[in-house]
Amino acid sequence: MDARTLPCPSSQEARDRAISPDGVIRLTLNHPPPVPEIFNAMVFKALNRILAESLPAELMATHRWMGTDHDRQQGARFVGRRLGAIPDRNRVILTHSTQAALQVLLPGIVGNGRPLAIERLSYSPVRSFAARYGISVVDVAIDGDGLNPEAFSEICQQKRPIALYLLSTYQNPTTVTMSLGRRQQIAEIARRYQVRLIEDDIYSLLAESPLPPISSLVPELSWYLLGTAKSFSTGLKLAFVVAPNVAEAARVFWPGLRATYWMASPMSAGLMTELISNGADLAILAAVKDELAARHRLVVSGLKDKPLASDPGCLHVWMPLKYVSSSEIAAALLEDGVQVAVSASYAGDGWTPPEAIRIGIGNPETRSVLEQAISRICRALP
Ligand SMILES: Cc1ncc(COP(=O)(O)O)c(C=O)c1O
């Protein structure tokens, strides 16, 4: 065997290694559904191409900084599909993950003066990161079309937030995708009050016909984040950031800050760049979307008669509950070997959200494991 040719184990072997040891079906995790056949084939090919061109010692000798010029060129193509135009590659930064990018952005663009605005129910680590950096957070009300414009406008006048963190497609946890009209309203308000946007578009790649990000409507104020954890693999640890301009990209992600923890590892960066260059990213994405749609059908039919917010491209479903508390249901389910997330974990202190649970449908190894979990959920519900 050529020393540079990686052996590819059978996908059954790979799957056996991945089965969870404690038997709990974790529907709290929002990982993309496994598509090992196509994923392994594409990644092995890409790694072989990388290793045919550079030796591991060269590849890993140093940091990749904001990504090589080639990484950022391919990254610009990747985000360009969402933004509607390919941005200047010098506005694009490769990072270790969305979380890592957020931990640079919060101190870098929000700071300790004016607050950060956030949807009332949202991805909870953002609140923890803000607390870690001494940043105050103001909640903005949401409705059936996402962030409520009147509430946002009012908060801008009263609390003068410097930035807004939001999800416009497949909001976490509510699953809501903002309409184009709502996106335009939010962009217009952000521009009127000069509020910077941190738009986390991590779930958008799974949508059949995704709408333009708000960042494309107000690019001069937007930090656009497109992570790969929800559409490719959680462990790849790679997220692209698009800064409003080249100078801001260099200022905020300057390695001289002596913080290098956010940098993408050379292997992940090289791999993603190779996948994008060869169109293998699109093949993986297509397989993930197919598997997700099949799982979605299974979940919707398993939970028929139950109120459910969902979409075939969304990694989770959101189930409002009546006459029962979400923490009681979650505790009963955990006893029965199924873990789900409760609405309170997405809200800040001082507001009690309506009772609901979030059910992640991508994480179980197989559809039949997901099916078992769904039937236990049905059994637990009143
Ligand atoms: C909205 C949102 N953003 C980011 C992440 C995490 O992304 P990453 O692994 O790139 O930090 C998650 C994971 O649950 C998420 O739901």
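Scanning region 257-272 for residues being over 23 Å from Glu37 (Cβ atoms), part of a helix (DSSP H, G or I) and either within 20 Å of the chain's Cα centre (by Cα) or of a type in the set (A, V, I, L, M) (or both) gives a total of 2.
Could you look through region 224-256, keep only residues that are in contact with a strand residue (DSSP E or B) (Cβ under 8 Å, 6 or more places away or on another chain) and part of a loop (DSSP other than H, G, I, E, B), and pick out the one that is nearest to the ligand (Cβ to nearest atom)? Filtering first and then ranking leaves Ala229. Among the conditions (1) under 30 Å from Val35 (Cβ atoms); (2) away from the ligand (no atom under 16 Å from the Cβ); (3) free of Cβ contacts under 8 Å to residues at least 24 places away in the same chain, the only one that Glu208 does not satisfy is (3).
Taken as a whole, the condition of being in contact (Cβ under 8 Å) with a residue 12 or more places away in the chain, farther than 28 Å from Gly360 by Cβ, buried (at least 19 other Cβ atoms within 10 Å of the Cβ) and within 15 Å of the ligand (Cβ to nearest atom) does not apply to Met272.
Residues checked against (1) of a type in the set (S, T, N, Q); (2) in contact with a Leu (Cβ under 9 Å, 6 or more places away or on another chain); (3) not assigned by TED's automatic domain parsing to the domain that holds Ser222:
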{"position": "Gln103", "(1), (2), (3)": "yes, no, no"}
{"position": "Ser128", "(1), (2), (3)": "yes, no, no"}
{"position": "Tyr133", "(1), (2), (3)": "no, yes, no"}
{"position": "Phe152", "(1), (2), (3)": "no, yes, no"}
{"position": "Leu164", "(1), (2), (3)": "no, yes, no"}
{"position": "Val176", "(1), (2), (3)": "no, yes, no"}
{"position": "Ser179", "(1), (2), (3)": "yes, yes, no"}
{"position": "Tyr193", "(1), (2), (3)": "no, no, no"}
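Residues in region 117-131 that are more than 14 Å from the ligand (Cβ to nearest atom) and either within 22 Å of Glu154 (Cα to Cα) or not small (Gly, Ala, Ser) (or both): 3 in all. Restricting attention to region 41-53, which residues are more than 10 Å from Gly270 (Cα to Cα) and in contact (Cβ under 8 Å) with a residue 60 or more places away in the chain? Met42, Val43, Lys45, Arg49, listed by residue number.
Residue-level check: of (1) within 16 Å of the ligand (Cβ to nearest atom); (2) in contact with a Ser or Thr (Cβ under 9 Å, 6 or more places away or on another chain); (3) modelled with pLDDT of 95 or more, Gly67 misses just (3).
Can you name every one of the strands (runs of 3 or more DSSP E) wholly within region 61-180 that holds 1 or more residues which are β-branched (Val, Ile, Thr) and buried (at least 17 other Cβ atoms within 10 Å of the Cβ)?
Per the criteria, 92-95, 116-119, 137-140.
Examine region 222-234 for a residue that is of a type outside the set (Gly, Ala, Ser) and either at positive phi or free of Cβ contacts under 8 Å to residues at least 40 places away in the same chain (or both), and state whether such a residue exists. Within region 222-234, not a single residue is of a type outside the set (Gly, Ala, Ser) and either at positive phi or free of Cβ contacts under 8 Å to residues at least 40 places away in the same chain (or both).
The values are calculated or read from the model by the stated rules, or taken from the named source; none is laboratory data. Since this is a predicted model, take the numbers as computed values, not measurements. Positions of Cβ are generated from backbone atoms using ideal geometry, with glycine treated the same way; all protein chains shown enter the neighbour counts.
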